[in-house]
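Quick note: the coordinates plus some simple rules give every number you see, no bench work behind them. Just so it is clear, the structure is predicted and the values come from calculations on it, not from any experiment. Methodologically, a virtual Cβ is constructed for each residue, glycine included, from the backbone with ideal geometry; neighbour enumeration extends over all protein chains shown.
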Ligand SMILES: Cc1cc2nc3c(=O)[nH]c(=O)nc-3n(C[C@H](O)[C@H](O)[C@H](O)COP(=O)(O)OP(=O)(O)OC[C@H]3O[C@@H](n4cnc5c(N)ncnc54)[C@H](O)[C@@H]3O)c2cc1C
């Protein structure tokens, strides 16, 4: 059988494209290399508990908000979403001082103004810019408006510059950027990434009870219900070019899957490696893509707890540093100075947390020496390295969560090497290709490639995270269906 569209990768981006295209009557086959779907949304189960890997919370999911519109279309809104505390969905702990992020743009400004009274007008200006980006998110679907849209300061300025210009108190600048472990802070981070992500969470913040895997599984069910195919354990090992375009994918080294169009949800470097022989993909293009830097990876300690640590319906971002913009240059092997603590919603209504995740940035060079080894067989020195890093994280966070060290029952860990092996992300990068405001058109990729029937999707193109990947999936599908159709599907006109 020849499909209309074959999709390489069953991460969020691949599955969302699969659903949209199936919904429009195209025959679709999603090919996922792993045992489970979801890529970064995967969960793993140990001793009856589900642990998340690359999903902790989403923003803008209240009725009418941006992610709600997209998830309503994908039929994901009846999953067990769990709203985080509106009077403090995130807490930034900076050198021991605590600051709360509250839901609602006005409320956010009011609350932080209590701790920074002299900065109220600056906070208002800050929020105006974030709101403008958040409110106009769908304008990027409109080619006519997009011309003006991309000339806004959000696309021509760095988040770092914007904060310096808008907020005169350096401590407040650190606090405002303090929830940014969900992106990589660097001085050339484009303002639109910072603004879009932060604004979406300020609108409303949500966990999912039972883990992020449910999003992937539900999308796959919805694709199958529309007649599409979704396969796991189906690694695309080659994309074969004939007469200037792709003719078929080779799966697991043997099976041939033919399609008119191919969409790759894999990292662009991994995608190009699959096209082993090509007249169309020039060396200069391959070099350009492989030369793009990637964001840092993450070390995660998934911790099962003994009863006694209260469940917090908020995240905690903890730092011990005077300049959080500098954490990309931290010695992540020997020190832990920045962590995100996320609590999993207890399924038994208990007031106590059953498990928490501690995440901290980790550079590829910290694990590079084990590259090429196989999962579970990387050797004692790797296990010892992970054990020490987990202890470092627990000790660091234990200063702020009373009794944590005594309540640790079991620890499971993952490193950038885990991500590289499970999702084929380049150098275990957590958020994919690093965007740079001064080279925006160079670091932001479009879905098109020089091969006319190979499109890209996923976090590497435009914006990472659940909202970013979902938006990008529509840009990819628009290459096939046209943007007017997308706007009709999302009821945007
Ligand atoms: C530690 C961590 C925490 C995060 N927390 C959050 C959060 O709380 N909220 C949020 O919004 N975002 C979060 N993110 C980001 C978010 O998870 C990602 O941006 C998003 O899930 C990426 O989706 P994707 O489809 O682009 O890529 P991926 O999830 O990487 O999917 C790519 C898929 O392609 C498959 N693949 C690759 N090569 C092949 C091949 N040759 N053949 C077949 N299949 C192949 C992979 O196995 C994978 O399943 C987090 C990320 C990380 C790493």
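To the nearest 10 degrees, how steep is helix 380-398 against the longest Cα principal axis of the chain, on a 0 to 90 scale? Helix 380-398 sits roughly 40 degrees off the main axis of the chain. The alpha-carbon positions of segment 347-415 define a convex hull whose volume is 120 Å³ per residue. The stretch between residue 350 and residue 493 holds 47.0 nm of extra length on full extension. This uses 0.36 nm per residue minus the Cα-Cα distance.
Taking 0.36 nm per residue of sequence separation and removing the Cα-Cα distance, the residue 135/residue 63 pair yields an extension gain of 24.5 nm.
Ranked by the mean number of other Cβ atoms within 10 Å of their residues, highest first, the peptides 363-376, 200-213, 268-281 fall in the order 200-213, 268-281, 363-376. Put simply, when 100-111, 347-358 are sorted by average Cβ atoms within 10 angstrom per residue, most first, you get 100-111, 347-358. With no solvent and one equal point scatterer placed on each C-alpha of the chain, evaluate the Debye formula and give log10 I(q)/I(0) for q = 0.09 Å⁻¹, two decimals. So the normalised log intensities are -0.60. With bins 5 Å wide beginning at 0, the percent of Cα pairs of segment 68-130 falling in each bin runs 4, 16, 18, 18, 16, 12, 9, 7, 2. Full extension of the segment from residue 256 to residue 151, taken as 0.36 nm per residue of separation minus the current Cα-Cα distance, would add 33.3 nm.
Binning the C-alpha pair distances of segment 1-87 at 5 Å intervals from 0 yields a P(r) profile of 3, 12, 16, 21, 19, 15, 9, 4, 1, 0, 0 %, listed from the shortest bin outward.
Label positions at residue 2 and residue 224, each projected 7 Å from the Cα along the C-beta direction, are separated by 2.8 nm. Going from the residue with the fewest nearby Cβ atoms within 10 Å to the one with the most, 82, 256, 426 rank 256, 82, 426. Figure legend: label point modelled 7 angstrom from the Cα of residue 232 along Cα→Cβ; residues of segment 25-60 with amide N under 15 Å from it are 30-46, 50-53. Here the peptides 131-138, 67-74 are ranked by packing, the mean other Cβ count within 10 Å, and the order with the highest first is 67-74, 131-138. Spin-label model, residue 279/residue 376: points 7 Å from Cα along the beta carbon direction are separated by 4.6 nm. The base-10 log of I(q)/I(0) for segment 140-266, evaluated at q = 0.20 Å⁻¹, reads -1.09 [Debye formula, identical scatterers on Cα atoms, solvent excluded].
Legend: ranking of residues 414, 264, 113 from fewest to most surrounding C-beta atoms inside 10 Å; resulting order 113, 414, 264. Each listed q (0.20, 0.24, 0.29 Å⁻¹) maps to a log10 I(q)/I(0) for segment 262-328 from the Debye sum over equal C-alpha point scatterers, namely -0.97, -1.17, -1.38. Rounded to the nearest 10 degrees, the angle from helix 12-23 to the longest Cα principal axis of the chain is 50 degrees. What's the FRET efficiency of residue 333 with residue 406 using the Cβ-Cβ distance as r and R₀ = 35 Å, to the nearest 0.05? Once rounded, the FRET efficiency stands at 0.85. In the chain, helices alone account for a calculated mean residue ellipticity at 222 nm of -10000 deg cm²/dmol, with every DSSP H run of four or more residues adding -39,500 (n - 2.57). First check a/c for segment 103-202, with a ≥ b ≥ c the square roots of the eigenvalues of its C-alpha gyration tensor; if it is under 1.5, answer rounded, and if not, answer prolate when a/b is larger than b/c or oblate otherwise. Cα axes put segment 103-202 in the prolate bin.
Label-to-label distance, residue 242 versus residue 77, with points set 7 angstrom from Cα along the beta-carbon direction: 4.6 nm. When each of 1, 483, 298 is scored by the number of other beta-carbon atoms lying within 10 Å, the sequence from fewest to most is 1, 483, 298.
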